[in-house]
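Q: Please read through the structure below; I'll follow up with questions.
Nothing in this text is a laboratory measurement; each read-out follows from the coordinates by a stated rule. Remember, it's a predicted structure, so these values are computed and weren't measured experimentally. Here the Cβ is made from the backbone with ideal geometry for all residues, glycine too, and neighbour counts use every protein chain on show.
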Amino acid sequence: MTYIVALTGGIGSGKTTVSNGFKKIGINIIDTDVIAKNIIEYNSQILFSIKKKFGKKILNTGNSINRILLRKYIFNNKNHRLWLENLLYPKIYQETKTQIKLTQSNWCLWVVPLLIEKKLEKKAHRILLVDTPVKEQIKRIIKRDKINLLEAKKIIALQATRKQRISISDDIIFNKKNIKKINSYIYYFNLLYSYLSKKNDKKITEIKKNYLTKFY
């Protein structure tokens with residue numbers, strides 16, 4: 001069985017930076033955001049359901065889904081968000097399991113922003129959190145996504161709290177945008193997870209209790 005490390009964190013925390021670092025050293029990355037994007041773009045049944053739900057206004061000129069507009073719909077309407085999550089997540093999880101089976105590295109990194117919200121904590125052997133203060137998250141997503149302060153706060157309010165994420169995490173990287181430090185943390189965690197991946201389930205449980213790592 002593949003050793004699975006779930007990488008989670010709030011929007012704008014730096015999950016992509018960390019996952020890209022692991023990818024560069026040869027770790028297989030299973031990213032649920034990437035999977036979701038591909039499903040929306042290439043799964044004809046999903047595409048049809050979204051068009052039927054939101055109408056032609058959700059389409060770009062090339063008949064593809066306008067992801068920016070779709071995001072606005074789901075973050076401004078709880079029912080729309082839950083509808084889309086219920087539509088996508090069975091497909092996302094099925095594709096996740098398929099990709100995990102194809103993993104060739106000693107362990108794989110499963111990037112799951114909604115790990116807590118979807119109650120998936122027990123699906124991974126270990127949880128790595130990318131942690132960032134809420135104020136910093138807001139600054140980053142306003143700049144990155146070109147949204148206003150109110151929209152940024154609304155998005156963050158829909159996610160699990162920072163305290164909730166910390167409470168379920170085994171390892172924590174506090175992202176201060178220092179790429180050299182992040183790379184050194186990635187090097188350490190690769191050694192740790194490679195070691196853990198070679199142990200049996202009983203020893204994994206024992207080690208998990210003794211190795212709780214926080215990098216600030």
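Q: Hey, rough spin-label estimate for Leu59 and Ala157, points 7 angstrom out along Cα→Cβ, what's it come to in nanometres?
A: Label-label distance for Leu59 and Ala157, simple model: 3.4 nm.
Q: What order, most packed first, do the peptides 70-76, 106-112 have when packing is the mean number of other Cβ atoms within 10 Å of each residue?
A: Descending packing order for the listed peptides: 106-112, 70-76.
Q: Looking at the chain, send over the antiparallel percent of its DSSP beta bridges, to the nearest 5.
A: Antiparallel bridges: around 5 percent, rounded to the nearest 5.
Q: To the nearest 20 debye, what is the magnitude of the charge dipole of region 33-104 about its Cα centre, counting +1 on the Cβ of each Lys and Arg and -1 on the Cβ of each Asp and Glu?
A: 300
Q: Okay, moving on. Set Lys and Arg Cβ to +1 and Asp and Glu Cβ to -1, take the dipole of the chain about its Cα centre, and tell me which of Ile138, His80, Ser105 lies farthest positive.
A: Ile138
Q: For the chain, modelled as a Gaussian network with Cα springs under 10 Å, which listed residue fluctuates most, Thr61, Thr32, Thr96?
A: Among Thr61, Thr32, Thr96, the largest GNM mean-square fluctuation belongs to Thr61.
Q: Measure up Lys139/Lys176; Lys91/Lys146; Lys72/Lys176; Lys118/Lys154; Lys101/Lys199 against 22 Å on the Cα-Cα distance and list the ones that go over.
A: Beyond 22 Å between Cα atoms: Lys91/Lys146; Lys72/Lys176.
Q: Go through Tyr195, Thr16, Ala157 and say which Cα lies farthest out towards the positive end of the charge dipole of the chain; charges sit on Cβ, +1 for Lys and Arg, -1 for Asp and Glu.
A: Ala157
Q: Which aspartates and glutamates does Lys177 reach when only Cα atoms under 15 Å apart count, and residues fewer than 8 places away in its own chain are ignored?
A: Asp131, Glu136
Q: Size of the dipole of the chain about the Cα centre, Lys and Arg at +1 and Asp and Glu at -1 on the beta carbon, nothing else charged, in debye to 20?
A: 500
Q: List the trypsin sites (Lys or Arg not before Pro) in region 93-161 that DSSP assigns to loop (not H, G, I, E or B) and whose Cβ has at most 14 other Cβ atoms within 10 Å. Which are they?
A: Sparse-neighbourhood loop trypsin sites (Lys or Arg not before Pro): Lys119, Lys146.
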